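Read through the structure below, which is laid out as structure tokens, and then see the notes.
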């Protein structure tokens, strides 16, 4: 475990070839949850795991690492809920099956914060940029880190206001509920 990390984010993709890490990093830094260590420390560690199967397989090990680190170290899992998964709950079940195989308890598993975009995170970026998206189709590929970062900052602003958002894609709404559950568990905003 890297020193001083408080939030470990597993995600799909490969370092340098996916905008997921840029989006996640900017979102977490813009949210600035007040249970994380001071600015300038290594509060977010992003671990690209290749494909969704890689994320599923690695989740129990990283959860054990976070639990062993103690304190407020949190595991966040970012993955795509592709055409083969009906929704976030169905994908979460796949993670739970692997967790059970690796002897993770239900109480431990319930500490993980899951954020699942339908098809891919680009659908969220499209929504945050234009106000609309169709999650039944893959959003256009985002090739510029700046576009991903700006969308993440907009999402952080929406989160901090805590007001309902019109036309929010179902997968983003589901993921936001998981984030709010973490915030509630930490007793802060």
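A few notes on this one:
- In region 138-165, the qualifying residues are those that are touching a helix residue (DSSP H, G or I) at 6+ places or on another chain (Cβ under 8 Å) and assigned to a loop (DSSP other than H, G, I, E, B), and the one that is farthest from residue 21 (Cα to Cα) is 165.
- Scope region 61-72; condition at negative phi and either assigned to a helix (DSSP H, G or I) or exposed (fewer than 14 other Cβ atoms within 10 Å of the Cβ) (or both); matching residues: 61, 62, 63, 64, 65, 66, 67, 68, 69
- Every residue from region 166-186 that is in contact (Cβ under 8 Å) with a residue 40 or more places away in the chain, part of a loop (DSSP other than H, G, I, E, B) and out of contact with any strand residue (DSSP E or B) (no Cβ under 8 Å at 6 or more places or on another chain): 167, 168
- Residues that are part of a loop (DSSP other than H, G, I, E, B), more than 15 Å from residue 176 (Cβ to Cβ) and in contact (Cβ under 8 Å) with a residue 40 or more places away in the chain, drawn from region 73-94: 73
- Residue check, residue 108 surrounded by 13 or more Cβ atoms within 10 Å (Cβ to Cβ) and either more than 22 Å from residue 48 (Cβ to Cβ) or over 17 Å from the mean Cα position of the chain (by Cα) (or both): yes
Values in this text are rule-based calculations from the coordinates and carry no lab data. Note that the coordinates shown come from a computational prediction; the quantities given were computed from them, not determined experimentally. Backbone-built Cβ (ideal geometry, glycine too); neighbour counts: all protein chains shown.
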